[in-house]
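Below: one structure, written as structure tokens.
The values are calculated or read from the model by the stated rules, or taken from the named source; none is laboratory data. Bear in mind the structure is a predicted one, so any value in this text is a computation, not a measurement. Please note: Cβ atoms are built from the backbone with ideal geometry, for glycine as well, and neighbour counts cover all protein chains shown. Just so you know, the surface numbers come from the protein's heavy atoms only, side chains and all, with ligands and any DNA or RNA stripped out. Shrake-Rupley method; radii C 1.70, N 1.55, O 1.52, S 1.80 Å.
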Amino acid sequence: MTLSQLDLRLFAHINAAAGLTGWRLESAVAIAQALVYLVPVVLIALWFAGSTPRRLAAVTALTAAGGALLVNQLIALAWYRPRPFAAGIGHAFLRHAADSSFPSDHVTVLAATGFALWSARSALGRAPGAVLLACALAAGWARVYLGVHYPGDVIGALAVAALAQASTNSPAGRSFCISLTATGERIYRRMLALPIARGWIRA
């Protein structure tokens, strides 16, 4: 059995049967679409937590996610893989553009952020990274279940995310993120000098 055949077989096993309605559909749509919005919430919360290690973790996670998305765009330009519904495969329950299926952008963003925060667990603890990685897996399952991705798209997204996070841990990547964090802190303290001085937010 080829990898493509295995991917299709797994898709057929996970993809919901025709006629999906009610709470199962609504829950799957929420998981598929909404979990990615946890990323800006978590990163903003880390920034306003007020410690440089947390801000560095947030900037590193943002850099990893941005780099991973850029890689996704390059992959899509080099190889167009039609989504299951565009190829007439399975059942689709989520309205989506018929752009390239591989890799999943939603899973990529959640996973890249999760990997980066997990890497910074000495400063953050395990919870932020673990939660976002769990969300990446949940979103990946939901998007296959709803017929807009193949399992291979999810695996590809995890691989791209892991590579992007690894690049931020390289000496050059680490130096870039430290410099970006320092610049961000200077701008933040200058723009929000008044609320910082009044103690409304942390410096």
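Miscellaneous remarks
- Between Asp99 and Leu194, the simple label model (points 7 Å from Cα in the Cβ direction) yields a spacing of 3.9 nm.
- When volume of the Cα convex hull per residue in Å³ is calculated for this entry, the matching label among (i) 115; (ii) 143; (iii) 130 is (ii).
- Dipole moment magnitude, nearest 20 debye, the chain about Cα centre, only Lys, Arg, Asp, Glu C-beta charged: 720 debye
- Rounded percent of accessible protein surface that carbon and sulfur make up, segment 69-203, 1.4 Å probe: 66 percent
- Ignoring the sites themselves, the chain has its longest run without chymotrypsin sites (Phe, Trp or Tyr not before Pro) in a DSSP loop having at most 10 other Cβ atoms within 10 Å at 80-199.
- Per residue, the chain exposes 53 Å² of solvent-accessible protein surface, assessed with a 1.4 angstrom probe and all protein chains in place.
- Only Cα pairs under 8 Å and 6+ residues apart enter the sum, and on that basis the relative contact order of segment 17-99 stands at 26 percent.
- Tilt relative to the chain, helix 3-14 - C-alpha long axis, 0 to 90 degrees, to 10: 90 degrees
- Solvent exposure, largest accessible area first (probe 1.4 Å, DNA, RNA and ligands not counted), of Thr113, Thr2: Thr2, Thr113
- Longest site-free stretch - the chain; sites: trypsin sites (Lys or Arg not before Pro), DSSP loop, at most 16 other Cβ within 10 Å: 1-94
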